[in-house]
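Remarks on the structure that follows.
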Amino acid sequence: ARPADADRPTLPPAARPGLPAGEVDTPALLLDLAAFERNLDRLQARADAAGVQLRPHAKAHKCPDIARAQIARGAVGVCCQKVSEALPFVQAGIGDIHLSNQVASPAKADLLARLARHARMSVCVDSTRQIDLLAAAVRTHGSTLGVLVEIDIGQGRCGVADAPAVLRLLEHLERAARQGAGLHFRGLQAYHGAIQHLRDAAQRHQQAALAAARAARVLTALQHAGVACPVVTGGGTGSVAADLASGLYTEVQPGSYVFMDGDYALNEPGPADQALRFEHSLYLASTVMSTAGGTHVVLDAGLKSLATDSGLPRVCAVGGGATGHRYLAANDEHGIVQPAPGAATLAEGEPLWLVPGHCDPTLNLHDQLVGCRDGRVECIWPIAARGLSR
Ligand code: PLP
Ligand code: MN
């Protein structure tokens, strides 16, 4: 190479396998592989014991390597929330993806129908127009899609209200199918996001039971109308113990259990959650970049590397141990930290690990996940669907 080319600066990797975890260039998203694997094993074992299929939500991790680890343990596939988000998973060879969401434009329906030529795909609907868009797209691409009607079981987000509304959509779907569209009714999606973060375990379980009962009423009415619903899918990390025990769900779709985050850690576990305690496996590695302020120190990790919509991060030592330091405020690229009273001085250059308040939007800020085990970097996984929100 000519000297000018040889000298052209490029971004060095944040870490290489074998590097001590405390020496990763920061801010960087770290995965404690041992805790991560325990989380995966724990939920898979409980789902297996309950005879319920696990279809983890990939919006939490956006990472095909993690999807593979979930499927290797027995997950039937993954959920994605957006059509574009599914693309890197299809490209990575993930063979079964449920889009747990509605598609309301021709361009999105078109991409979904194209993906369905390469993987078994399903999608939610709650309107006849969505069915028409999907029908046109699968006709264009000669592909087939599973269709789940979403019902609203109390969240007040997407989904139709009752069995008659489901039956009206099924009529429309059957008409499209008779006209040659490769659309197949697969069942119901019944998800209630608002109950996931109820702190009180008794209240959380009670609300999950009420939501499941609402879904069960719709299911029973459909059965009386002679409609078979092979799949009832839903549930999240906060309700999964209740969902597995409900007898309603054939499939659950929690996402955050992989990492746990500061917000989910505030959920009080009840007796039914004991076997499903998930551990923090996700940390944002940061570095003390200034101590000039005297009473506070400044970290190199703020809003651009950390979501704060569900609270500020908890400050840990390298490895995840508690410190008592308080993260007070996040600026774009600065984090203001008040050292724990009586703690040893925090020195400039010192690494600290942060537990993000909310895992999903934090993952979306990073290109890579640095996997660590026994204090060393083991692998670097692309967060391939990062930013893909179309
Ligand atoms: N399913 C749907 C439809 C969701 O919207 C979500 C999260 O918002 C999940 C599953 C997974 O939830 P969690 O990450 O809380 O487990
Ligand atoms: Mn979330």
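The values are calculated or read from the model by the stated rules, or taken from the named source; none is laboratory data. Quantities reported herein were computed from a predicted structural model and do not represent experimental measurements. Using ideal geometry, Cβ is built from the backbone for each residue, glycine included, and neighbour counts are taken over all protein chains shown.
Based on this model, can you work out whether G159 counts as on the phi > 0 side of the Ramachandran plot, small (G, A, S) and under 18 Å from the mean Cα position of the chain (by Cα)?
Details: on the phi > 0 side of the Ramachandran plot: yes; small (G, A, S): yes; under 18 Å from the mean Cα position of the chain (by Cα): no.
No; evaluated as a whole, the condition is false for this residue.
What are the pairs, 6+ residues apart or on separate chains, where a residue within the range 221-240 that is over 18 Å from R46 (Cβ atoms) has its Cβ under 6 Å from a residue that is more than 16 Å from ligand 2 (Cβ to nearest atom) and assigned to a loop (DSSP other than H, G, I, E, B)?
Matching pairs, first to second residue: L222/C229; V231/T250.
Residue check: is C379 within 21 Å of G319 (Cβ to Cβ), touching a helix residue (DSSP H, G or I) at 6+ places or on another chain (Cβ under 9 Å) and surrounded by 21 or more Cβ atoms within 10 Å (Cβ to Cβ)?
Working: within 21 Å of G319 (Cβ to Cβ): yes; touching a helix residue (DSSP H, G or I) at 6+ places or on another chain (Cβ under 9 Å): yes; surrounded by 21 or more Cβ atoms within 10 Å (Cβ to Cβ): no.
So C379 does not fit the description; no.
Look at A202 and say whether it is modelled with pLDDT of 95 or more, in a helix (DSSP H, G or I) and either more than 25 Å from E279 (Cβ to Cβ) or among the acidic types (D, E) (or both).
Taking the combined requirement at face value, the residue does not satisfy it.
Can you confirm whether S290 is surrounded by 24 or more Cβ atoms within 10 Å (Cβ to Cβ) and more than 12 Å from ligand 1 (Cβ to nearest atom)?
Answer is no for this residue.
For the range 212-230, check the following and say yes or no: at least one residue is at positive phi and surrounded by 24 or more Cβ atoms within 10 Å (Cβ to Cβ).
Taking the range 212-230 first, the residues at positive phi are 226.
Of the ones still in play, those that are also surrounded by 24 or more Cβ atoms within 10 Å (Cβ to Cβ) are none.
Scanning the range 212-230, I find no residue that is at positive phi and surrounded by 24 or more Cβ atoms within 10 Å (Cβ to Cβ), so the answer is no.
Kindly provide the set of residues from the range 295-314 that are outside any loop (DSSP other than H, G, I, E, B) and touching a residue at least 40 places away in the same chain (Cβ under 8 Å), ordered by number.
In the first step, residues of the range 295-314 are kept if they are outside any loop (DSSP other than H, G, I, E, B); the result is 297-299, 314.
V297, L299, R314 - these are the residues of the range 295-314 that are outside any loop (DSSP other than H, G, I, E, B) and touching a residue at least 40 places away in the same chain (Cβ under 8 Å).
Just to be sure before I move on: is G262 at negative phi, modelled with pLDDT of 95 or more and surrounded by 24 or more Cβ atoms within 10 Å (Cβ to Cβ) in the structure I sent? Outline the logic, then answer.
On the way: at negative phi: yes; modelled with pLDDT of 95 or more: yes; surrounded by 24 or more Cβ atoms within 10 Å (Cβ to Cβ): no.
Here the answer is no, as G262 does not meet what is asked.
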